[in-house]
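*Asks:* My questions all concern the structure below.
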Amino acid sequence: MLSAYVAVIPIKSVNIPSIKAKALTYVYVSEHIGIYICFHIQNKIIDIMRSIVLNLSTLCMGFLAFSQNTNHHKSKKTANVATITHKNPKGLFDPTPFAFSHATTNKAEGKYVFISGQSGGEGLEHHLSKDFRTQVKFSLKNLETALADYKLGVNDILKITILIVDHDQEKLRIWTEEMHKVWKNNEFPASTLIPVPRLAIEDMLIEVDAIAFIKK
């Protein structure tokens, strides 16, 4: 003889309304069929919960990958790329052998960086050599150090001004040679060289300031 009973699925840990409504449905069946229905619905709930967890895990992994990829592209975009345009009109002499350009400009949005005059002092002690070439090398090196703090290089310079004590043709030759060593692509900044009788500190033989451009 078949006995009828009410089958109720336990759902204390399930908070999904659609599942809850289905699980609380009263089922009038025989004892054997009722056991099968209870077991089937319980397994169905487990499968649904497992599917939800897997889907959430996949979604989180996808979002993380997208975020990392976006940050990677952002880091590339923020890196400064030289945008300086150098102009040497045909109506003027070629200044390249003398290590400067007649005019420069920029072709992007950004801001200017003004570098104070850099001497040829060596290290934190600011040791000044008696040798003019040595001071020229260190003045350019100090200029590069100041630029590096903005993640810039010499190719980001628009304009330089050079002050040389007791200037003559030999010092001009040395200065030009050292400029060519630093600006290897021969795309020089606009430049003004001013001979002076003396600089701020005794034994300073050269001072170089610069205006650079940093891309927005």
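Since every read-out is calculated from the coordinates, none of them should be taken as a lab result. No experiment lies behind these values; they were computed from the predicted model shown. Neighbour counts are summed over all protein chains in view; Cβ atoms, including those assigned to glycine, are modelled from backbone coordinates with ideal geometry.
*Asks:* May I ask you to derive the relative contact order of the stretch 129-216, considering only C-alpha pairs under 8 Å and at least 6 residues apart, and to give it as an integer percent?
*Replies:* Worked out over the stretch 129-216, it gives 46 percent.
*Asks:* Rounded, prolate or oblate, given the Cα gyration tensor of the stretch 84-215, with a/c below 1.5 counting as rounded?
*Replies:* oblate
*Asks:* Pairs Lys181/Lys216; Lys107/Lys184; Lys87/Lys130; Lys90/Lys130; Lys90/Lys151: which exceed 32 Å Cα-Cα?
*Replies:* In this structure, Lys87/Lys130; Lys90/Lys130; Lys90/Lys151 lie more than 32 Å apart at Cα.
*Asks:* Just check the stretch 93-132 against the gyration tensor rule for me: Cα atoms, a ≥ b ≥ c as the square roots of the eigenvalues, rounded for a/c under 1.5, and otherwise prolate or oblate depending on whether a/b exceeds b/c.
*Replies:* oblate
*Asks:* Go through the stretch 99-142 and name the trypsin sites (Lys or Arg not before Pro) that are in a DSSP coil and have 10 or fewer other Cβ atoms within 10 Å of their Cβ.
*Replies:* Within the stretch 99-142, the qualifying trypsin sites (Lys or Arg not before Pro) (loop, at most 10 other Cβ atoms within 10 Å) are Lys107, Lys130.
*Asks:* Out of all DSSP beta bridges with both ends in the stretch 84-215, state the antiparallel percent to the nearest 5.
*Replies:* The answer is about 70 percent antiparallel.
*Asks:* Measuring from centroid to centroid over Cα atoms, what is the spacing of the stretch 169-194 and the stretch 196-211 in Å?
*Replies:* Value for the Cα centre distance between the two parts: 16 Å.
*Asks:* So which aspartates and glutamates pass the test for Lys111, namely a Cα distance under 19 Å, with those fewer than 8 places away in the same chain ruled out?
*Replies:* Glu144, Asp149, Asp156, Asp209
*Asks:* Same structure again: Could you pull out every residue, at least 5 positions away or on a different chain, whose amide H is within less than 5 Å of the one on His167? Hs are placed 1.01 Å off N in the peptide plane, and Pro or chain starts have none.
*Replies:* Val196
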